[in-house]
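Heads up, the thing below is written out as structure tokens.
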Amino acid sequence: MFDVDVNVKARMLTQSSAAMTSPRTAHLAKSADAPPASPGPAPKRGLSYPLHEQLPAVGAAIEVAPGVFWLRMGLPFALNHINLWLLRDRLPHPTQLGAWQDGWTAVDCGVDNPATRQAWLQVEQEVLQGLPILRVLVTHMHPDHMGLAHWLCERWQAPLWMSTSEYQSAMLACSGLSNFGGDPTVQFFAAHGWNRPEDLAVVKSRVGYYTGMVPQVPGAYVRLMAGAQVRIGERNWQCIAGYGHSPEHMALYEAQGALLISGDMLLPSISTNVSVYAMEPEGNPLQHFLDSLDRMQHLPDETLVLPSHGRPFRGAVTRIAQLRQHHAERLDELVQACSQQDLSAHDVLPLIFKRALDVHQTTFAMGEAVAHLNLLWLSGQLLRQRGADGIYRFRRSQSSARPMGD
């Protein structure tokens with residue numbers, strides 16, 4: 001996920017105080033023989049955080065389930081961390097016929113900067129137990145997930161696993177054609193009412209935003225597809241495709257152990273950034289995101305969700321309901337606001353985001369505002385018209401009979 005502090009608009013969630021066994025920390029300061037975490041049953045309502053306030057130190061890991069380790073690395077954003085996952089693995093040996101090799105699958109990588117590289121080197125010394133990384137699996141192409149994939153793959157001679165749309169999008173962004181800056185992005189924002197010249201000059205200069213954190217993409221990959229089963233060690237993980245946040249995000253669900261590596265599709269205390277970009281100006285990513293949540297609706301209450309940001313939690317179905325309600329409320333507010341006057345995406349920013357935004361934050365806020373307005377426009381609840389000034393404005397359709405939340 002990118003810097004999504006602008007999306008801290010979902011209600012903060014009450015933590016459960018249910019007791020549980022302390023998790024094993026994969027660090028020299030802890031006993032290697034201690035049992036892994038054994039979180040208790042989930043409550044019927046709300047979210048629970050079975051690891052409570054525990055966080056892995058930089059270069060260390062917490063074992064959240066047998067063979068599943070939680071890493072936490074820094075980010076140069078207001079959203080200051082990403083969770084990465086190490087899964088014990090066993091694959092056929094690449095050079096010895098009939099032999100097997102023990103090691104790890106790394107899920108997501110962090111951005112490419114000196115601090116993250118140093119953190120991974122510390123993980124090598126203190127967590128990997130002398131075993132190699134056998135493959136690098138990336139949930140999606142955003143810099144905090146993709147950034148160091150090239151370095152890890154080269155360092156360990158490990159293949160990259162990810163979906164085709166995400167891989168191709170990363171390659172495109174590394175070529176300089178991305179949605180994060182440059183003239184097309186400036187023109188897109190201007191068409192939606194953001195016309196302050198000094199702000200747009202900053203946006204134009206961000207053409208190297210992606211490559212600053214993802215300087216390279218591995219030259220080959222293994223394709224992940226929706227519904228595919230990936231055997232990692234003793235566990236079978238099912239790929240769950242998600243859309244709206246990124247082109248073809250892959251979450252991983254392990255039914256027997258009731259584990260979900262949710263990536264950015266399901267986060268405990270902030271709403272996932274869902275934006276329209278210049279390359280697809282009439283896209284409907286918010287509808288795609290809401291539809292994608294249906295693919296996680298079946299998860300049992302006891303599922304331990306391992307998100308990319310925030311702490312592991314239980315209560316996936318509850319969280320999905322909260323996200324649906326959150327977006328329904330924003331959509332209702334926009335319909336009502338557009339009943340009073342014609343509004344652009346820039347006009348509605350104060351309605352969706354209740355605090356001042358800097359230029360960096362506004363880029364994400366604008367994308368999200370257009371995503372909400374496009375959903376209402378494409379569903380017939382709003383009309384869209386481009387004025388003589390070149391700005392798109394939205395008004396309520398006379399056929400919009402009732403609010404989204406009804």
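Summary table
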| quantity | calculated |
| --- | --- |
| Residue ranges of strands (runs of 3 or more DSSP E) in region 229-323 with at least 3 members buried (at least 19 other Cβ atoms within 10 Å of the Cβ) | 235-242, 249-254, 259-263, 304-307 |
| Residue within region 135-156 that is surrounded by fewer than 24 Cβ atoms within 10 Å (Cβ to Cβ) and of a type in the set (Gly, Ala, Ser) present | no |
| Counted residues, region 70-88 - those being in a strand (DSSP E or B) and within 23 Å of ASP144 (Cβ to Cβ) | 12 |
| Yes/no for VAL370 being surrounded by 22 or more Cβ atoms within 10 Å (Cβ to Cβ) and under 30 Å from LEU137 (Cα atoms) | no |
| Number of positions in region 160-186 that are part of a helix (DSSP H, G or I) and not aromatic (Phe, Trp, Tyr) | 14 |
| First in region 302-323 and in the same structural domain as ASN80 (by TED's automatic domain parsing), second anywhere and among the aromatic types (Phe, Trp, Tyr), Cβ under 6 Å, 6 or more apart | VAL305/PHE313; ARG311/TYR49; PHE313/TYR49 |
| Qualifying residue in region 382-392 (condition: assigned by TED's automatic domain parsing to the domain that holds LEU79 and in contact with a Phe, Trp or Tyr (Cβ under 6 Å, 6 or more places away or on another chain)) | no |
| Unmet requirement for ARG155, which otherwise passes all of (1) in a helix (DSSP H, G or I); (2) under 23 Å from ARG206 (Cβ atoms) | (2) |
| Every residue from region 115-130 that is part of a loop (DSSP other than H, G, I, E, B) and small (Gly, Ala, Ser) | GLY130 |
| Flag for ASP102 being assigned by TED's automatic domain parsing to the domain that holds ILE232 and outside any strand (DSSP E or B) | no |
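The values are calculated or read from the model by the stated rules, or taken from the named source; none is laboratory data. Note that the coordinates shown come from a computational prediction; the quantities given were computed from them, not determined experimentally. Glycine also receives a Cβ, built like all others from the backbone with ideal geometry; neighbour counts cover every protein chain displayed.
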